[in-house]
Amino acid sequence: MTALERAISNPPRVRGLESRSPVDGLQRRSVGFVDVFAQSVSAVAPSAAATTIPLIVTVTAGGATMWSLAIAMLLSLLVATTVNVFAKRIAATGSLYTFVSKGLGTGAAFVTGVALLIGYGFIAMFALAGAGYYLSILLHRFWSGMPSSTLVVSVLVVCMAAICLIVLIRGIRLSTRVTLLVESASVAIILVLVGVLLSQLGPTPEWAVLGLDASPENLAVGSVLAVTAFVGFESSSTLGVEARRPFASIPRALVWTVIGAGLLFLITSYSQLAGFAAMGEDITATRTPINDLALASGVEWMGLLLDLSVAASFLACAIASITAFSRVVFSMGREGVLPSRLGITHRRFSTPHVAIITALVIVTPVSVLTLVLTGGAWAAMQVLIVVAAAGYITAYVLVCVAAPVFLWRIGELTMWPLVRAVIAGVLLSIALVVYLVVESAGDRGVGVWVFLVAMVLGIATWALRHRRRPWLSSTVGVYDETVSADVLGGPPAEHR
Amino acid sequence: MSGAGELRARQPKAIHSALTVLEEVARCGAGVTAQEVSAGLDMPRATTYRLLNLLVQDEYLVRMPDLRGFALGRKVVELAHLVAAAPPPLAAREVMGRLRSSVRGGVHLVRYEGERIRIVDADPDFPLSDEQRIVRQIDTSAIGRLLLHELVRTGFDWSGLVERPKADAAALVADVDRLGYARQLGELTAGYGCLVVPIRDADGGLVAGLSLSAPCVRVEQPAALLDLMLDGSRQLQPLLV
């Protein structure tokens, strides 16, 4: 132990470190594991997904819903562990965008960045519309003479956006705590409801529900649709700067979000499918399966509670998605990819307030516009989720390609990370193509086109900006580098 | 020898491996890569990378901005208790207290472990002038010279541990041989010197040293002071060996 002891008693000077991180200004190392976990969980919005995804998957995958969900969960776990290759090594705010820049360079990073912003942005719109939709259903129960739903939902969306703005600017701790509280409550409500349903069904399992009764292509499409229920789990990797012990807490949050959400989806799907089987009815004939089950089980009041909890879950999802969106925009502002004003932080709250306001200024009107154009909240949500899911999966594919390249670059490539990344990358690429093809032929086909146009516009903007500013290649990929105060024998941390 | 060595031997293998990796990073210096650590320790690559990443997670190590290199993190100081010596027993501290009250000057107790010096009880009223130099350049201080004498006596290779030419160092060793204790006059602080009497085990091996810092005159002609120190070392011997 002599060298270590000598280093402790008389630390050598470490050269090549700056005294300030390039992403200085955020509340560095301020939130713990629970908050980081809350960010990922809320971005997934498990309770909202648990009430809608089983139905969406069943419509396509028919008799193999449970299998589709299980496959999607395994695939998401592969992606999560691949993202963790980076999350264990780089503390960043740009999430996959920054990660890909370290593996594949600037061009690929920007494609990822555009895809990720589409993902976070459209999921935020989806969540705002969803919160508005479920709140309007609730209002309708108490005030049946309520006027035209699109107007009401639009007003509710704007109110929700205002709540998001206040919570987000006031600080990362407040926003993660609010989302955690809201999400825990709604998951608890769902679990209680599922418990009631399962206890009424009796102890014998409904084997037919667990069967594999679908063609391979239906199973594939079902699995791809089920993957969309998991997207967002990577969003805590935008908190790399703000998390305490980021290299431990973020990878753990990613994996546990996928496992937790996956188990919840499996349990709720089983209880919904078994519930409908027991009633002898077809689940695909309804739009609100859990409410129907609650009604059939004589616990209608729980359906009411459920609407409230799903609305809350959507709000939490909006907060989490805008958090992630704003952190990616913040990174781009710091790098000069976007105007540098987007990279400044609030002096008192240490949040990237300009990026947050920009995010809401884009997201709110577009979601209202979508509501008006599609003529209803449910239709709008259907289109928005397609755009978002395509964005996420594109970013996931790129990060799977980047991970082994990055490991090779830093000289740490070993077999398992390579195998995992290759399997996840290949499966996700197939999934993306299948998803785009299937959706473009369906009712939500406009979502595919919106996604493609947004990608092309984003990449074109980048190409123009890059031509005018060739130095961007050397600035893209900012992350929270080790500063001199972090090493043994460094100066004490500057008070910020 | 009790203390750190034994404690480490009892630790689970994982902690031991982690400490080995930290030791290797400390030995190679900041910027050492994962591959170099793996090669240096002859440890499987996957195991090394996993350990490195675990140590980064716990912030004992940090990655350098190139993402390839590693450096010791701030948190490593928390491991100091694992590598530092245990304090001397109460009876020994009482002897030290009595000596300090009867001697005008700084009275310190050091332990010798192999080629290392551990300062286990420094006089709080008379701090050591330059602990780092005393511990690392063993020909500079009286505490070090006693160790140098012991290393020469036991045939240990001491060439890397001294500042001055070998012949001058040999003269210092001869001085210790002649006097039976080590001394240093005005080298660390002008006008002040230091004398250290050895505490040996039954086989004559050096285990500790009782050190006195005082003005040069009194170190050069210690007279009754030396008797006091020798008496103290005799009282400490059974408590430390």
Where residues in the range A:159-208 are without any contact (Cβ under 8 Å) to a residue 60 or more places away in the chain and β-branched (Val, Ile, Thr), which of them is surrounded by the most Cβ atoms within 10 Å (Cβ to Cβ)? A:Ile166
Name the single residue, out of those in the range B:42-65 being more than 8 Å from every other protein chain (Cβ to nearest Cβ) and surrounded by fewer than 17 Cβ atoms within 10 Å (Cβ to Cβ), that is nearest to A:Gly103 (Cα to Cα). B:Arg50
Regarding A:Pro352, is this residue surrounded by 24 or more Cβ atoms within 10 Å (Cβ to Cβ) and farther than 22 Å from A:Gln200 by Cβ? yes
Has the range A:476-493 got any residue that is farther than 14 Å from A:Phe110 by Cβ, more than 14 Å from every other protein chain (Cβ to nearest Cβ) and of a type in the set (A, V, I, L, M)? no
Among A:Val446, A:Val401, A:Val450, the single one that is touching a residue at least 24 places away in the same chain (Cβ under 8 Å), within 23 Å of A:Phe233 (Cβ to Cβ) and either of a type in the set (Val, Ile, Thr) or surrounded by fewer than 15 Cβ atoms within 10 Å (Cβ to Cβ) (or both) is A:Val401
Among the residues of the range B:121-131, are any more than 14 Å from chain A (Cβ to nearest Cβ) and in contact with a Phe, Trp or Tyr (Cβ under 6 Å, 6 or more places away or on another chain)? no
Report, by residue number, each residue of the range B:25-40 that is at the interface with chain A (Cβ under 8 Å from one of its Cβ atoms) and either among the aromatic types (Phe, Trp, Tyr) or touching a strand residue (DSSP E or B) at 6+ places or on another chain (Cβ under 9 Å) (or both). B:Ala26, B:Gly29, B:Ala30, B:Gly31, B:Thr33, B:Ala34
Examine the range A:12-29 for a residue that is free of Cβ contacts under 8 Å to residues at least 60 places away in the same chain and either more than 7 Å from chain B (Cβ to nearest Cβ) or in a loop (DSSP other than H, G, I, E, B) (or both), and state whether such a residue exists. yes
Residue check for B:Ala92: within 21 Å of B:Leu236 (Cβ to Cβ), modelled with pLDDT of 80 or more and assigned to a helix (DSSP H, G or I): yes
Please return the ranges of helices (runs of 4 or more DSSP H) entirely within the range B:109-223 where 3 or more residues are small (Gly, Ala, Ser) and surrounded by fewer than 21 Cβ atoms within 10 Å (Cβ to Cβ). B:166-179
Any chance you could count how many residues in the range A:30-43 are in contact with a Gly (Cβ under 6 Å, 6 or more places away or on another chain) and either in a loop (DSSP other than H, G, I, E, B) or more than 25 Å from A:Val354 (Cα to Cα) (or both)? 0
Here are some conditions: (1) under 25 Å from the mean Cα position of the chain (by Cα); (2) more than 23 Å from A:Pro491 (Cα to Cα); (3) facing chain A (nearest Cβ under 7 Å). B:Ala71 meets all but one. Which one does it not meet? (2)
Is it fair to say A:Pro251 is closer than 27 Å to A:Leu116 by Cα and crowded, with 19+ Cβ neighbours inside 10 Å? yes
Taking the range A:316-343 and keeping residues more than 20 Å from the chain's Cα centre (by Cα) and within 15 Å of A:Tyr479 (Cα to Cα) leaves A:Gly333, A:Arg334, A:Glu335, A:Gly336, A:Val337, A:Gly343
Among B:Ala85, B:Ala18, the single one that is at pLDDT below 90, assigned to a loop (DSSP other than H, G, I, E, B), at negative phi and surrounded by 14 or more Cβ atoms within 10 Å (Cβ to Cβ) is B:Ala85
Give A:Thr323, A:Thr345, A:Thr364, A:Thr370 a once-over and let me know the one that is modelled with pLDDT of 85 or more, among the polar types (S, T, N, Q) and in contact with a His (Cβ under 9 Å, 6 or more places away or on another chain). A:Thr345
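The values are calculated or read from the model by the stated rules, or taken from the named source; none is laboratory data. Predicted model only: the values in this text are computed from it and were never measured. Backbone-built Cβ (ideal geometry, glycine too); neighbour counts: all protein chains shown.
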